[in-house]
Amino acid sequence: MSTKKTISVAVPANSAWPLVAALGTTLTFAGFLTSWPVGATGGIVALVGFFGWFKNCYPLDVEVELEVQPHHAPSEISSARTTNTSHPHHRAKLPIEVHRVPSGIIGGIAGGIAMLLFAIAGSLVIHGSPWYPFNVAAATLLPSITENDLLDFNGTAFVVALVIQLFVSVCIGLVYGAVLPMLPRRPILLASIIIPFIWTFLLYESMKFINPTLNSTVNWWWFLFAQLVFGTVAGIVVSKGEKIKTLQFKSFAERAGVEENKP
């Protein structure tokens, strides 16, 4: 009598900790707009959630084995979805490849420069002064800047605006390097349209609380176009960068360099 060989795959165990962490993070940011008890509660919930989530990954990933039914078992495993022969039945996790960190940094800086040039051109056309975008950006950290100062040169505001632009551009570029491989067929669609729209909406809503006076002076349509320019340039530069395979078949301790990978 013949016996059928069963195949099992390792999948992450069910966990509610990511939802707890997400809820706590949401409450934390909601506290900035409501009251400190809401933010404090969110911070505690977020810490508990992230700690529980961390325990699911360290020192070993918490996984369960699921049996594959014979009629669902593939006749052969595609080489494109198998990146480690020591784990032949391990479920592939996307993305299989991500961009190198320098690709995200370079792409973010390139997008930031393109956005800044576009913003200066728009400022010259609309306001007749190139200093408007610098003063508006710096006003998020310098409450001393008023509506009457937006068209004048301010050395401090100029430096602060450049630092903010560089920091935000590099951070978003790094996000692009990690996120764009998740949409391999249309990465530019995600970079140039979806993310800029989300980012613009968040700034549009938060500016009402950060600086209500300046909120009424910002041309949000022009700001959106500047974000689209940033996303397009950054997305193209990042997508052209070199990719490396993810360490999806290694444990968290191995990926963090805490534990040596033994053959």
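The values are calculated or read from the model by the stated rules, or taken from the named source; none is laboratory data. Note that the structure is predicted; figures quoted are calculated from it, not measured. A quick note on method: Cβ atoms are made from the backbone with ideal geometry, for glycine too, and the neighbour counts reach across all protein chains shown.
Among the candidates 173, 128, which residue alone is farther than 19 Å from residue 215 by Cα and either more than 17 Å from the chain's Cα centre (by Cα) or of a type in the set (Phe, Trp, Tyr) (or both)?
128
Tell me which residues, restricted to segment 147-178, are of a type in the set (S, T, N, Q) and either surrounded by 12 or more Cβ atoms within 10 Å (Cβ to Cβ) or at pLDDT 90 or above (or both).
154, 156, 165, 169
Any residue at all in segment 87-101 that's modelled with pLDDT of 80 or more, in a helix (DSSP H, G or I) and crowded, with 17+ Cβ neighbours inside 10 Å?
no
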